[in-house]
């Protein structure tokens, strides 16, 4: 259950990071609310997962999921360019997350 919650928390990290960017310095209400709720839920999930998972592994997986999804969303919406090297490096992050999960199993 901790791994599932950690993965959901990583997705929520991408949500709050994206909302933060769209909030224009926390001056737009809806993105600011999405940011705040996403941040609290993401952190709470990370904290819960860390009760059973090692700190370093949990944090690395959480950041890896959040960072990868944030960049993929930005590329999908056209706010960030797509390149073969970016995709390769994102795949390397995903490989690291999968590797950490497999070592912990």
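The values are calculated or read from the model by the stated rules, or taken from the named source; none is laboratory data. Please read all numbers here as calculations on a predicted model, not as lab measurements. Virtual Cβ from ideal backbone geometry, glycine too; neighbours counted across all protein chains shown.
Restrict the check to the range 13-35 and report whether at least one residue is closer than 19 Å to residue 101 by Cα, in a helix (DSSP H, G or I), modelled with pLDDT of 95 or more and under 17 Å from the mean Cα position of the chain (by Cα).
Yes: the range 13-35 contains one or more residues that are closer than 19 Å to residue 101 by Cα, in a helix (DSSP H, G or I), modelled with pLDDT of 95 or more and under 17 Å from the mean Cα position of the chain (by Cα).
Inspect all residues belonging to the range 42-51 and state whether any of them is within 20 Å of residue 73 (Cα to Cα) and either part of a helix (DSSP H, G or I) or under 12 Å from the mean Cα position of the chain (by Cα) (or both).
Yes, because at least one residue in the range 42-51 is within 20 Å of residue 73 (Cα to Cα) and either part of a helix (DSSP H, G or I) or under 12 Å from the mean Cα position of the chain (by Cα) (or both).
Going by the conditions given, is residue 67 free of Cβ contacts under 8 Å to residues at least 60 places away in the same chain and closer than 18 Å to residue 102 by Cβ?
No, not satisfied.
Going by the conditions given, is residue 57 over 24 Å from residue 100 (Cα atoms), assigned to a helix (DSSP H, G or I) and in contact (Cβ under 8 Å) with a residue 12 or more places away in the chain?
No: the conditions fail for residue 57.
I'd like to check something: does the range 70-80 contain any residue that is farther than 19 Å from residue 22 by Cβ and either out of contact with any helix residue (DSSP H, G or I) (no Cβ under 9 Å at 6 or more places or on another chain) or at pLDDT 95 or above (or both)? Please lay out each step first, then the result.
First pass over the range 70-80, keeping only residues farther than 19 Å from residue 22 by Cβ: none.
No.
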